[in-house]
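S.K.: Quick one: the structure is below, and I'll ask about it shortly.
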Amino acid sequence: MFADYLELRLAVAELTGRRDLSDIMPSLVQRAESRMNRKLRQSDQITTATVTMVAGVGDLPVDFIEAIEVKSGTCIYPQVTPIMADRSYSSNYAVKGNPKKLYLTNFVGDLTVMYYAKLPTLTTTVATTNWLLEEAPDVYLYAVAREVAIHVKDKELRDLMAGEYRDALGEIKSDNRRRQYGNAVVQVEGPTP
């Protein structure tokens, strides 16, 4: 559908009938990406990073959204709420602050963090693309068109684009679940009758 950011901009302008917003299109795309970052948790977003802990605190990557797993070697640490992290539970981690930091009481050294990463923004160059634009360009189209409608205060267009966005988002979430669990087999552990 679209090969890059430039083609997305043209498609949004055509869909909304607003070709006069090219100067603010980067901020509209970034607002759409911000909304999508709050909703999306796709397997394509999963990545890992090494976080160096000093006195129980480490800086998380700038694209960090949500932790999946935190481990050191073969030891996997469970997550607790930020309030609980202030207590001395040495085998639990928490994420808090802005910028986000990882807390693991008294831990020193490197941890491997598997996490959901933010969408790489399209607005760096006109030829930029990312996994979501390649996999589900309609999600981007409707998300940005919704931001255009909000900006120009067109309630009818906003509601229409919001519905299309919800449908497209639901489809990729469903596809993601099928990819992750489609052929999964349930195995009962332990003794069975």
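The values are calculated or read from the model by the stated rules, or taken from the named source; none is laboratory data. The model shown is predicted, which means the values in this text are computed figures rather than measured ones. A quick note on method: Cβ atoms are made from the backbone with ideal geometry, for glycine too, and the neighbour counts reach across all protein chains shown. Just so you know, the surface numbers come from the protein's heavy atoms only, side chains and all, with ligands and any DNA or RNA stripped out. Shrake-Rupley method; radii C 1.70, N 1.55, O 1.52, S 1.80 Å.
S.K.: Can you tell me, using C-alpha contacts under 8 Å and at least 6 residues apart, the relative contact order of segment 22-159 as a whole percent?
M.R.: Here the relative contact order equals 30 percent.
S.K.: Now, a different point. Apply the Karplus curve 6.51 cos²θ - 1.76 cosθ + 1.60, θ = phi - 60°, to the phi angles in segment 114-129 and return the couplings in whole Hz, x for Gly and Pro.
M.R.: 9, 8, 8, 9, 4, 4, x, 5, 8, 7, 6, 9, 5, 8, 6, 9
S.K.: Starting from the alpha-carbon convex hull of the chain, give the projected area averaged over all orientations, in nm².
M.R.: Seen from a random direction, the Cα hull of the chain projects 15.2 nm² on average.
S.K.: For segment 128-193, what log10 I(q)/I(0) values come out of the Debye formula at q = 0.20, 0.28 1/Å, with one point per alpha carbon and no solvent?
M.R.: Values returned for q = 0.20, 0.28 Å⁻¹ are -0.83, -1.10.
S.K.: Sorted from largest down, give the three principal axis spans of the alpha carbons of segment 24-80, whole angstrom values.
M.R.: Largest first, segment 24-80 extends 46, 24, 19 Å along its Cα principal axes.
S.K.: Under a straight-distance cross-link criterion of Cα-Cα below 14 Å, which aspartates and glutamates are reachable from K96, leaving out those fewer than 8 residues away in the same chain?
M.R.: Partners within reach: D59, E66, D86.
S.K.: Have a look at I24, I83, H151 and report the one farthest towards the positive end of the charge dipole of the chain, computed about the Cα centre with Cβ charges (Lys/Arg +1, Asp/Glu -1).
M.R.: Farthest along the dipole direction, towards plus: I83.
S.K.: Pick out which of I172, I83, I150 has the largest mean-square fluctuation in a Gaussian network model of the chain, springs linking Cα atoms closer than 10 Å.
M.R.: I83
S.K.: Can you compute the charge dipole magnitude of segment 1-99 about its Cα centre, using +1 on each Lys and Arg Cβ and -1 on each Asp and Glu Cβ, nothing else charged? Give it in debye, rounded to the nearest 20.
M.R.: For segment 1-99, the charge dipole is close to 360 debye.
S.K.: Roll a 1.4 angstrom probe over the protein heavy atoms and tell me the percent of accessible area of segment 1-138 that is carbon or sulfur.
M.R.: 52 percent
S.K.: Treating the Cα atoms of segment 80-191 as identical point scatterers in vacuum, please give the log10 of the normalised Debye intensity I(q)/I(0) at q = 0.15, 0.24 Å⁻¹, two decimals.
M.R.: One equal scatterer on each Cα of segment 80-191 leads to -0.96, -1.21.
S.K.: Just tell me, in residue order, which DSSP H segments of the chain are both 27 angstrom or longer along the helix axis (alpha-carbon based) and at least -0.5 in mean Kyte-Doolittle hydropathy.
M.R.: Span-like helices in the chain: none at all.
S.K.: State in Å² the accessible area per residue of the chain; use a 1.4 Å probe, count heavy atoms of protein chains only, and round to the nearest integer.
M.R.: Value returned for the chain: 58 Å² of accessible area per residue.
S.K.: Follow-up question, since we're still on this one. Calculate how many DSSP beta bridges within the chain are antiparallel, expressed in % of all such bridges and rounded to the nearest 5.
M.R.: Of those bridges, close to 95 percent are antiparallel.
S.K.: Give the long-range amide H neighbours of F107: residues separated by 5 or more places, or on another chain, with amide H under 5 Å away, using H modelled in the peptide plane at 1.01 Å from N.
M.R.: Long-range HN contacts for F107: G56.
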